[in-house]
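Working notes for the structure below.
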Amino acid sequence: MNIQYRPSFATEELVFHGNESNAEGKALYFPVHQRKILIDSESHPDDYFSYYPEGQIIDSTEVIYIGTLDDMPCYCFELKERYDEGDMQYFGLHDLYGVIDEEMLGIASRAVQMADFYRTHRYCGLCGRTTHYVPEETGMQCNNCEHIVYPRISPAVIILIEREDHLLMARSKHFPEGIYGLVAGFVEAGETIEHAAHREIKEEVGVSVKDLNYFASQPWPFPSSLMIGFTANFAEGEIYVDVNEIEDADWFHVDDIPKLPEKKSISRALIDHFIDKHAGHE
């Protein structure tokens, strides 16, 4: 496990079920509309979430408590309609990366996911009646049959596959031009994350690996995944690309790594780990 890795979009200081009271009545607010946060663009980044959203903004929906940061409760709410007034603008989580500090980015990502959960679960999946938010359960409960659902988190594996000083990298047809990444995929129902890693590697690039070891994890709020990173050594096989998933895959020497993903992803952290490991090797 890489104990030095600090993932983006992760919150470690927010107390999810903390104290909602604040002696000075202060709070942080995250107004969300279709996965984007409404912010006063003229304010300083440290003050982005410090303003009480009065009137039609906050009256349009149920306010959801998402945790407490340093005795200051944090709230999110899903705006039913897009709101444009004055210097208020919508920002996606990608837009906020590098603008606000990492902890606040993690809280913002939780706010977006919880607001999205609220927006997509307003009605019961069993009987079709309306639901309400239950803070102590972090769930949406039906007002009729009392069925309750919780925020969906989709686990996915991502694997760095090395063969001495070469790294197996793959390119999805959805990637920006020139970008290569690592083999990744979602965990299926009924399988372990280890089995998912071996299966995804075999399905996407045709090789087998050994020495599968946990590296770290990262919340990936696009829309609601948990990326679980592994390192592995090549065992056997030739690269055979699944053209439905992968556009190209190849072995790259540590000194000839192609254009890398951005630093905000665990994919980049794994690749940097490989490069650092082989730094200065002949």
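Computed from the coordinates by the stated procedures, all read-outs in this text should not be read as laboratory data. If you're wondering where the values come from, they're calculated on a predicted model, not measured in any experiment. Here the Cβ is made from the backbone with ideal geometry for all residues, glycine too, and neighbour counts use every protein chain on show.
Couple of notes before you dig in:
- Taking a straight Cα-Cα cut-off under 17 Å and skipping sequence neighbours fewer than 8 places away in the same chain, the aspartates and glutamates within cross-link reach of residue 259 are 177, 247, 248, 250, 272, 276.
- Listed by chain and number, the lysines placed with their C-alpha closer than 19 angstrom to that of residue 202 are 173, 210; residues fewer than eight positions away on the same chain are left out.
- Counting only DSSP H runs of at least 4 residues, each contributing -39500 (n - 2.57), and dividing by the residue count of the chain, the helix-based mean residue ellipticity at 222 nm comes to -5500 deg cm²/dmol.
- Rounded to the nearest 20, the size of the Cβ-charge dipole of the range 78-209 about its Cα centre is 600 debye, with Lys and Arg at +1 and Asp and Glu at -1.
- Equivalent ellipsoid dimensions for the chain as semi-axes, Å, which come from the Cα gyration tensor, largest first: 39, 22, 17
- Across the range 154-275, the fraction of Cα-Cα pairs farther apart than 17 Å, rounded to a whole number, is 52%.
- Cα centroid of the range 183-203 to Cα centroid of the range 223-282, whole Å: 16 Å
- Loop-resident trypsin sites (Lys or Arg not before Pro) (DSSP state other than H, G, I, E or B) in the range 128-180 with no more than 10 further Cβ atoms inside 10 Å of their Cβ: 173.
- Using Cβ point charges alone (K and R +1, D and E -1), the dipole size of the range 136-187 about the Cα centre works out to roughly 300 debye.
- The range 28-120 shape via C-alpha gyration tensor axes, a/c threshold 1.5: rounded
- Whole-number percent relative contact order across the range 44-173, with pairs defined as alpha carbons under 8 Å at least 6 apart: 14 percent
- Cα lying deepest toward the dipole's positive end in the chain, options 161, 233, 222, charges on Cβ: 222
- Charge dipole (debye, nearest 20) of the range 154-275; +1 at Cβ of Lys and Arg, -1 at Cβ of Asp and Glu: 460 debye
- Most positive-pole-ward Cα, 104, 120, 31, against dipole of the range 28-120 from beta carbon charges: 120
- Förster radius 22 Å - calculated FRET efficiency between residue 99 and residue 222, Cβ distance, rounded to 0.05: 0.80
- Two-site label geometry, residue 16 and residue 120: point separation in nm, points 7 Å out along Cα→Cβ: 1.8 nm
- Under 5 Å between amide hydrogens, built in the peptide plane, is the criterion, and for residue 247 it picks out 171, 172, 173 among residues at least 5 positions away or on other chains.
- Amide H contacts under 5 Å for residue 252, placed H, 5+ residues apart: 167, 168, 169
- Where labels lie 7 Å past Cα in the beta-carbon direction, separation of residue 242 and residue 148 in nm: 3.6 nm
- Remark: the residue 259-residue 85 segment gains 58.7 nm on full extension, using 0.36 nm per residue and subtracting the alpha carbon distance.
- Cross-link partners of residue 80 among aspartates and glutamates, defined as those whose alpha carbon lies under 16 angstrom from its own and excluding same-chain residues fewer than eight positions apart: 54, 59, 62, 116.
- Spacing of the modelled spin labels on residue 136 and residue 6, each 7 Å from Cα toward Cβ, amounts to 3.6 nm.
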